[in-house]
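Written below as structure tokens is the structure these notes are about.
The values are calculated or read from the model by the stated rules, or taken from the named source; none is laboratory data. Note that the structure is a prediction, hence the values are computed from the model and not measured. Every residue, glycine among them, receives a Cβ derived from its backbone with ideal geometry; neighbour counts consider all protein chains shown. To get the accessible areas, we keep the full protein, side chains included, count just its heavy atoms, and leave off ligands, DNA and RNA. Shrake-Rupley method; radii C 1.70, N 1.55, O 1.52, S 1.80 Å.
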Amino acid sequence: YQRRVRGVFGWKGLSFDLAEIIKNKASWRKLCTETKENIDKELLKMENKETALRFVIPRYELLSEESLEHIQRTFNFPVVIKPIFGAGKIGVKKICSFSELMKHFEENKLKPKPFGDFLVEEYFEGSEVDIDMLVQDNELKFACISDNFPALGDNFMEAGGQIPATLISGEEKEALLCMAKEFSKCGLRSGCLHFEARCRKRREDNQNGQQYFVVEVMAIELNLRIGGAEVFSFVLSAHRVNLVRESVRIALGFPVQLRAPHQPTSVQREPHTKSKMENSSKRGAVVLSFVVVRTFKRRVPVIFLVHDFLLIF
């Protein structure tokens, strides 16, 4: 409810209306489509004769009895299915054929859907990264990219990662940061954000038969909060940026204060496991309910930023 309260009282923070759009993965894809023109314009400015830059939106459709024929006719497999609400890779799966998709549909059509309907989108092959961002008054103040190591199995559970990113090219990093910068301008206002994306670099032939590179970036999802699990300590160790402190400064209307640029420290993290994610969620729920009860007598703008911080643990 924090973004709703902020909207009512006009406090600094993230847009409640936009939060409602982004948390729904189907409407998030529509926002990507609306933002694509601006991203494409900025990427075009960065291109050269050797490299073309592209922002990709995978073909997507809500899974239903009515949409199955359209998916079979127009989609390229493999695809990814995911509930339109939810987090932590819950319910996300790679599907390699239409028969496998039909099997999934038949097995789940009568079951309760605690995280909403399923979204089907074409699978984008590429390197997965996280982008942690600080945005103030729709201006990108800080952004860093970290690698996700290849996932374990078809449920996309992360097998660890490292910061700063070293498994992708410089052109991929520039395209990702350009994409993040344009999304920060689309009305998010102010706050700490956690972006998940994919990218790839490949060769193509032009009309004259000459080869050039094509860099493609795809936005998976945007979380309007500090990243979970190890993200806080991850960014602090590598870049000396305290996302919690800067989020509080943003909430209180103070300018972001970043240290002088320096060579980032390389840090690696362990794989995410299902039990680890579940335990993290349980700890977060307990602490959150305790804080809401204890701190409502204090200054409300600070409460909601502390609320964000405690969700990390």
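A few remarks follow.
- Candidates GLU230, GLU216 - the one that is modelled with pLDDT of 50 or more, among the acidic types (Asp, Glu) and touching a helix residue (DSSP H, G or I) at 6+ places or on another chain (Cβ under 9 Å): GLU216
Condition check ((1) open to solvent by 30 Å² or more (accessible area, probe 1.4 Å); (2) within 18 Å of LEU14 (Cβ to Cβ)) across all residues:
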{"site": "PHE105", "(1), (2)": "no, no"}
{"site": "LYS113", "(1), (2)": "yes, no"}
{"site": "PHE118", "(1), (2)": "yes, no"}
{"site": "ILE131", "(1), (2)": "no, yes"}
{"site": "SER146", "(1), (2)": "no, no"}
{"site": "GLY161", "(1), (2)": "no, no"}
{"site": "ILE168", "(1), (2)": "no, no"}
{"site": "ALA175", "(1), (2)": "no, no"}
{"site": "GLU182", "(1), (2)": "no, yes"}
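- Tabulated pairs, the range 29-45, first open to solvent by 50 Å² or more (accessible area, probe 1.4 Å), second among the charged types (D, E, K, R), C-beta under 8 angstrom, 6+ apart or interchain: ASN38/GLU182; ASN38/LYS185; ASP40/ARG54; GLU42/LYS181; GLU42/GLU182
- In the range 216-270, residue surrounded by the most Cβ atoms within 10 Å (Cβ to Cβ) [restricted to those that are among the basic types (Lys, Arg) and touching a His at 6+ places or on another chain (Cβ under 9 Å)]: ARG225
- Set side by side, the residues PHE195, PHE183 differ, and just one is part of a helix (DSSP H, G or I) and under 26 Å from LEU18 (Cβ atoms), which is PHE183.
- Residue in the range 136-159 that is assigned to a loop (DSSP other than H, G, I, E, B), farther than 23 Å from GLU246 by Cβ, of a type outside the set (Val, Ile, Thr) and without any contact (Cβ under 8 Å) to a residue 60 or more places away in the chain present: yes
- Test: residue in the range 94-102 that is of a type in the set (Ser, Thr, Tyr) and in a helix (DSSP H, G or I): yes
- Residues that are over 25 Å from the mean Cα position of the chain (by Cα), more than 26 Å from ILE22 (Cβ to Cβ) and open to solvent by less than 40 Å² (accessible area, probe 1.4 Å), drawn from the range 52-83: LEU68
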